[in-house]
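S.K.: First, the structure itself, so that you have it in front of you.
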Amino acid sequence: MASSETQSRFGQSVKGLLSDKVTSCSGDVIALTRQVLKGSRSQELLSQAARNMVIQEDAILHSEDSLRKMSIITTHLQYHVEHSKNLQDQLRHLMK
């Protein structure tokens with residue numbers, strides 16, 4: 001009977017230890033799941049940031065192109081203003 005009682009206590013002890021281990025492992029699985037979800041969210045945020053960066057880069061390139069075109073137009077307008085001044089001077093000279 002002592003042997004049966006010892007086995008019963010041993011079985012209860014093992015069940016208790018097993019239950020503690022299962023609880024511990026469940027906590028670890030939950031923590032791991034949270035980390036994976038955080039990593040997934042971080043990846044989403046990084047992807048969105050990369051897409052936004054590409055959009056901004058395109059906008060900057062477009063702006064640079066527009067500024068170059070505006071510079072060319074400004075140069076042409078300055079030339080025409082100077083040419084117009086010369087024509088006005090010539091007309092004044094002819095009118096004298």
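Residue by residue, here is whether (1) assigned to a helix (DSSP H, G or I); (2) open to solvent by less than 100 Å² (accessible area, probe 1.4 Å); (3) basic (Lys, Arg); (4) at pLDDT 90 or above holds:
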{"site": "ALA50", "(1), (2), (3), (4)": "yes, yes, no, yes"}
{"site": "GLU57", "(1), (2), (3), (4)": "yes, no, no, yes"}
{"site": "SER63", "(1), (2), (3), (4)": "yes, yes, no, yes"}
{"site": "LEU67", "(1), (2), (3), (4)": "yes, no, no, yes"}
{"site": "TYR79", "(1), (2), (3), (4)": "yes, no, no, yes"}
{"site": "LEU87", "(1), (2), (3), (4)": "yes, yes, no, no"}
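S.K.: Of the numbered conditions (1) over 21 Å from the mean Cα position of the chain (by Cα); (2) modelled with pLDDT under 90, GLY39 satisfies every one except a single condition; which is it?
M.R.: (1)
S.K.: A further question follows. Go over the candidates SER8, SER26, SER19 one by one and state the one that is of a type outside the set (D, E, K, R), open to solvent by less than 90 Å² (accessible area, probe 1.4 Å) and at pLDDT below 85. Outline the logic, then answer.
M.R.: Details: SER26 fails: at pLDDT below 85; SER19 fails: at pLDDT below 85.
Of SER8, SER26, SER19, the one residue that is of a type outside the set (D, E, K, R), open to solvent by less than 90 Å² (accessible area, probe 1.4 Å) and at pLDDT below 85 is SER8.
The values are calculated or read from the model by the stated rules, or taken from the named source; none is laboratory data. Predicted, not measured: the structure shown is a model, and the values here were computed from it. The protein model used for the area step is the full one, side chains on, heavy atoms only, and it has no ligands, DNA or RNA in it. Shrake-Rupley method; radii C 1.70, N 1.55, O 1.52, S 1.80 Å.
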